[in-house]
């Protein structure tokens, strides 16, 4: 399930096929074997309306979860850019040699973070994570070394700023791992199948049957596509652009 929802287009195709099959089964098999008489039609409409309402609520809550996670990733990208830019300025509080080393490492680190947001290659992501951890160790060693040579409140600001840089990356990584749970996806799909089954079961007029059996599965599948696209940080169309990181990179003084 996790692999499926990471690819919104594939999820759309699979869900559309499943929802269409459910609507077709309800229309062709259930209706012919268990026709709805006038005495039970009101009860059926009540169950159908309740199922469709539940589907709409589950989709709405899931979309809200996905948008919330997307906004969190955007905010953390801004915090990363601010932390790196601030630390670049604070490096001047150390001796010139340590300051130059920190600025050089921060410039490399910044471009690595930009690439992390832009790449879609999972193998490259692993390489970036390894390189990022190595740069963080070097940055911390440089900040710690400068603070040891000059133990004063100003050097403590550099150490605190470096801590913010490293923490910001950790928060970003956690936010990118924080996705809609697989159980929620399974629940949505199951409710969607039952809803389409009832829609197909309830369609009576032949001239509108084909339209209903197409519109409902398409609507549900498009909803799943939108949710998966927003919730997928790397594979979707709606992605967090590293605009703040790029702006910070452009504002850094050129060596």
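What ranking do 167-173, 181-187 get when scored by the average of other Cβ atoms within 10 Å per residue, highest first? Write out the running numbers ahead of the final one.
Working: 167-173: 16.9, 181-187: 13.9.
Descending mean neighbour count gives 167-173, 181-187.
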Check your understanding: So how far apart, in nm, are the two label points at residue 108 and residue 122 if each is 7 Å from Cα heading toward Cβ?
Key -> 2.9
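Take every Cα pair under 8 Å in the chain that's 6+ residues apart, average their separations, divide by the length, and report that relative contact order as a whole percent. Numbers along the way, then the final one.
Values: 273 pairs, mean separation 114.5, N = 255.
Relative contact order for the chain comes out at 45 percent.
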Review point. If you stretched the chain out fully between residue 252 and residue 71, how much longer would it get, using 0.36 nm times the residue separation minus the C-alpha to C-alpha distance?
Key: 62.5 nm
Check your understanding: Pairing the Cα long axis of helix 96-118 with the longest principal axis of the chain, what angle in degrees results, from 0 to 90 and rounded to the nearest 10?
Key -> 10
Check your understanding: Which Rg and Dmax, in Å, describe the Cα atoms of region 90-159?
Key -> 14.1, 44
Check your understanding: Relative to the compact globular guide of 2.2 N^0.38 Å, what is the alpha carbon radius of gyration of region 45-112, as a ratio?
Key -> 2.16
Review point. Say each of residue 17 and residue 183 gets a label point 7 Å from the Cα, pointing the same way as Cα to Cβ; how far apart are those two points in nm?
Key: 2.9
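Working out 0.36 nm times the residue gap between residue 46 and residue 237, then minus their Cα-Cα distance, what length gain in nm do you get to one decimal?
Working: separation 191, 0.36 × 191 = 68.76 nm, distance 3.80 nm.
Taking 0.36 nm per residue and subtracting the Cα distance, the gain is 65.0 nm.
Could you tell me what a quarter of the Cα convex hull surface of the chain works out to, in nm² with one decimal place? Before the final figure, lay out each step's value.
On the way: hull surface 66.6 nm².
Dividing the Cα hull surface by four gives the mean projection, 16.6 nm².
Computed from the coordinates by the stated procedures, all read-outs in this text should not be read as laboratory data. Bear in mind that the values here come from a model prediction, so they are computed numbers and not experimental data. Glycine gets a Cβ as well: all are built from the backbone with ideal geometry, and neighbour counts include every protein chain shown.
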